[in-house]
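Working notes for the structure below.
The values are calculated or read from the model by the stated rules, or taken from the named source; none is laboratory data. This one's a predicted model, so the numbers in the text were calculated from it and none came from an experiment. Here the Cβ positions follow ideal geometry from the backbone for every residue, glycine too, while neighbour counts run over all protein chains shown.
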Amino acid sequence: MAKKKVTRRTLLKMKRNQEPIAMITAYDYPSACLAEDAGADILLVGDSLGMVVLGYDSTIPVTLEDMLHHTKAVARGAGNAMVITDLPFMTAHLPTGEVLRKAARLMQEGLAYGVKVEGGAEIEEKVKALTAAGVPVMGHLGLTPQSVNQLGGYLIQGKDLPNAQRLLDDAKRIEEAGAFSLVLECVPEELAELVTKHLEIPVIGIGAGRYCDGQVLVYHDILALAGDLHPSFVKVYREAGKLMASGIQEYVQDVKNRHFPEEKHVSHLKEGLLEQLHGYIEGAQKHEEN
Ligand SMILES: Nc1nc(=O)c2c([nH]1)NC[C@@H]1CN(c3ccc(C(=O)N[C@@H](CCC(=O)O)C(=O)O)cc3)CN21
Ligand SMILES: CC(C)C(=O)C(=O)O
Ligand SMILES: [Mg+2]
């Protein structure tokens, strides 16, 4: 577990000291407890939960109510780690009052520390408004999965000069709008390094190479727990999915073969009680006959 409550100041200090920031997604109480106990600095309640937990094939259908439900559970498992929740699809493009109200619900009801918002210049004013209202904002640039239908797939971003320049400009604008950190997803390592050096706020990469201030991966990806998605930036640390599948298969077979439950899993009636119950049943049957 991180020694002290992680705040935006902790993360700034880590960047200055070149101490890597470890972030991982968490979606419920047990995943939050495991990540917290492992010493993760930030738990991200990512809208990827739509794909790895709720079974949708993108993050687009995920609602604020979904995010709230999972954020509450994660907050109960988080000790010192910072809990950040994704604003779901379209939220940041609503009128400012509505954006503030939704962010407020994630903090007041969900107990999130702050929110993460996908986008650049087009959401700059919303980042300013959130920041002014006391909502810590984490930006998210590069591959922004909520725009998958617009982007044409989960593709590496910022590969040519105009797109790389736009990413650099967006990053600076999001920082200047008040964001306390930035996620950079699926961009070439050299570009991510430039952004990281260019910004004062911590940059946390996913598929963005080795030179960001921190890294984030999806919980289910590092444990090979789910999904048809196998992004090339993922490192599988444990084949937990296989372990779980074999355990569940064994249980089902044990039930069908009557190998479960065994004597040690059962309780028994006290001496004599069974005979009394037999007598009771016989008495009831006689009563019915009469
Ligand atoms: N399980 C999971 N892990 C994630 O990292 C993740 C989600 N779900 N859902 C929401 C988004 C979608 N993400 C993705 C999904 C696929 C790729 C992917 O396969 N990318 C190709 C790059 C293709 C190219 O441009 O060359 C890759 O090979 O990594 C990347 C990010 C990241 N997020
Ligand atoms: C992959 C991370 C950055 C994310 O946004 C999510 O999990 O939803
Ligand atoms: Mg997300």
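Couple of notes before you dig in:
- Condition met for Glu65 (closer than 23 Å to Leu100 by Cα, over 13 Å from the mean Cα position of the chain (by Cα) and modelled with pLDDT of 95 or more): yes
- All positions within segment 1-55 that are more than 17 Å from Val183 (Cα to Cα), assigned by TED's automatic domain parsing to the domain that holds Ala73, of a type in the set (Gly, Ala, Ser) and surrounded by fewer than 21 Cβ atoms within 10 Å (Cβ to Cβ): Ala38, Gly39, Gly55
- Residue within segment 142-153 that is within 23 Å of Thr59 (Cα to Cα), modelled with pLDDT of 95 or more and in a strand (DSSP E or B) present: yes
- Every residue from segment 32-58 that is touching a strand residue (DSSP E or B) at 6+ places or on another chain (Cβ under 8 Å), within 15 Å of ligand 1 (Cβ to nearest atom) and part of a loop (DSSP other than H, G, I, E, B): Gly46, Asp47, Ser48
- Being among the β-branched types (Val, Ile, Thr), outside the structural domain of Leu44 (by TED's automatic domain parsing) and over 20 Å from the mean Cα position of the chain (by Cα) is a property that Ile248 has.
- Glu289 vs. criteria charged (D, E, K, R) and exposed (fewer than 10 other Cβ atoms within 10 Å of the Cβ): yes
- Among the residues of segment 107-142, those identified as under 21 Å from Tyr29 (Cβ atoms) and surrounded by fewer than 18 Cβ atoms within 10 Å (Cβ to Cβ) are Gln108, Glu109, Leu111.
- Close contacts from segment 50-64, counting a first residue that is among the small types (Gly, Ala, Ser) and a second that is near ligand 1 (Cβ under 10 Å from one of its atoms) and not in a loop (DSSP other than H, G, I, E, B), with Cβ to Cβ under 8 Å and a gap of 6+ residues or different chains, come to Ser58/Gly50; Ser58/Met51; Ser58/Pro145; Ser58/Val148.
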